[in-house]
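**Student:** I'd like to ask you about the structure that follows.
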Amino acid sequence: MLSQAQIDYFDNLTPGSIIPLTKAKDPELFKQAAFDYIDLYGHSIGFVQDYTAITKYPPIPLKLVEIKNN
């Protein structure tokens, strides 16, 4: 289960940023938190480089959302 601090951390990442898991005090816990965030909140973040880092994706343009919903 994610803490509010973990949710806020992932929510507030800058789009396009790449965060190596090695920057975390506990890389395995950080990796699991990222998986949990993806499961709960969708794919606004993802893994890169064989699960050695996470990245925040830019938001989907509203026009694409409208096309998909039609």
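The values are calculated or read from the model by the stated rules, or taken from the named source; none is laboratory data. Bear in mind the structure is a predicted one, so any value in this text is a computation, not a measurement. We place every Cβ from the backbone using ideal geometry, glycine too, and count neighbours over all the protein chains shown. What goes into the accessible areas is simple: the full protein's heavy atoms, side chains included, and nothing from ligands, DNA or RNA. Shrake-Rupley method; radii C 1.70, N 1.55, O 1.52, S 1.80 Å.
**Student:** Can you report the number of residues in region 20-49 which are open to solvent by 50 Å² or more (accessible area, probe 1.4 Å) and either of a type in the set (Phe, Trp, Tyr) or in contact with a Gly (Cβ under 8 Å, 6 or more places away or on another chain) (or both)?
**Tutor:** 2
**Student:** Mind checking which pairs have a first residue in region 39-55 that is free of Cβ contacts under 8 Å to residues at least 60 places away in the same chain and a second that is open to solvent by 40 Å² or more (accessible area, probe 1.4 Å) and assigned to a loop (DSSP other than H, G, I, E, B), Cβ under 6 Å, 6 or more apart or different chains?
**Tutor:** SER44/TYR57
**Student:** In addition: Being open to solvent by less than 30 Å² (accessible area, probe 1.4 Å) and either assigned to a loop (DSSP other than H, G, I, E, B) or farther than 12 Å from TYR57 by Cα (or both) is the filter here; which residues of region 1-16 pass it?
**Tutor:** LEU2, ILE7, LEU13
**Student:** Which numbered condition trips up LEU64, out of (1) modelled with pLDDT under 90; (2) surrounded by 14 or more Cβ atoms within 10 Å (Cβ to Cβ)?
**Tutor:** Only one criterion in (1) modelled with pLDDT under 90; (2) surrounded by 14 or more Cβ atoms within 10 Å (Cβ to Cβ) is unmet by LEU64, namely (2).
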